[in-house]
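The values are calculated or read from the model by the stated rules, or taken from the named source; none is laboratory data. Being a predicted model, the structure only gives us computed values, none of them experimental. Here the Cβ is made from the backbone with ideal geometry for all residues, glycine too, and neighbour counts use every protein chain on show.
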Amino acid sequence: MIKFIVAAVWICLATLGAVFYSFQTSSAKSDASATPALLGGLDYLRTEVISVPVFSKATIDGYFLTRLVYTVDPAQMKKLSVPAQSLIIDEVYTYLYANPQIDFSKRENFNLDTFRGGIRDSVNKRVGEKLISEVIVEQIDFLSREETRDKSLRRREVTRPEATPAAAH
């Protein structure tokens, strides 16, 4: 009878030890991965196309167009008092106008990693917490003034009705 009680106590202690150990290792793994992985736990929010006019010497040189996807922690999003979309768009404008050395006409001089990191860091700094984990560029382009003018002229030519002779009966 005593052997049976000792065996039961031993099984209970072994089970409690295994449960305690599994909880300790799972919490240590979650602490080690402080930055969430791109595979889960984050919300992916997509902006509309952001069009930023590019000025030089009081004339418009063209338009910088971009569409971004940014990853945010849902708990942090709930704390925001302004829409995240508005915050991102404002930071894109601020970043582009605060960096006049960016020359959009020369694509090889545009550093995409610096652009993404700059947007992420400026939003996080403005909010005061780590809101955005990653900025992903879905679309980026620069349309010069000439390209936009050519497209608008072509559009007018297509929509303009052609003169047709009136049929006399």
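Checking the conditions here, which among 146, 162, 134, 129 is assigned to a loop (DSSP other than H, G, I, E, B) and at pLDDT 70 or above? Lay out the reasoning, then the answer.
Working: 146 fails: assigned to a loop (DSSP other than H, G, I, E, B); 162 fails: at pLDDT 70 or above; 134 fails: assigned to a loop (DSSP other than H, G, I, E, B).
Answer to the selection: 129.
Scanning the stretch 107-144 for residues being under 11 Å from the mean Cα position of the chain (by Cα) and β-branched (Val, Ile, Thr) gives a total of 6. Taking residue 56 as the residue in question, decide whether it is loosely packed, with under 12 Cβ neighbours inside 10 Å and within 19 Å of residue 129 (Cα to Cα). No.
One residue stands out in the stretch 126-144 among those that are of a type in the set (D, E, K, R) and touching a strand residue (DSSP E or B) at 6+ places or on another chain (Cβ under 9 Å): the one that is surrounded by the fewest Cβ atoms within 10 Å (Cβ to Cβ), namely 138. Given the conditions (1) over 22 Å from residue 41 (Cα atoms); (2) of a type outside the set (Phe, Trp, Tyr); (3) surrounded by 13 or more Cβ atoms within 10 Å (Cβ to Cβ), and given that residue 120 satisfies all but one, which numbered condition is not satisfied? Result: residue 120 passes all but (1).
Counting only helices (runs of 4 or more DSSP H) that sit wholly inside the stretch 1-110, those with at least 3 residues that are of a type in the set (Phe, Trp, Tyr), modelled with pLDDT of 75 or more and out of contact with any Cys (no Cβ under 6 Å at 6 or more places or on another chain) are 2-32, 84-98.
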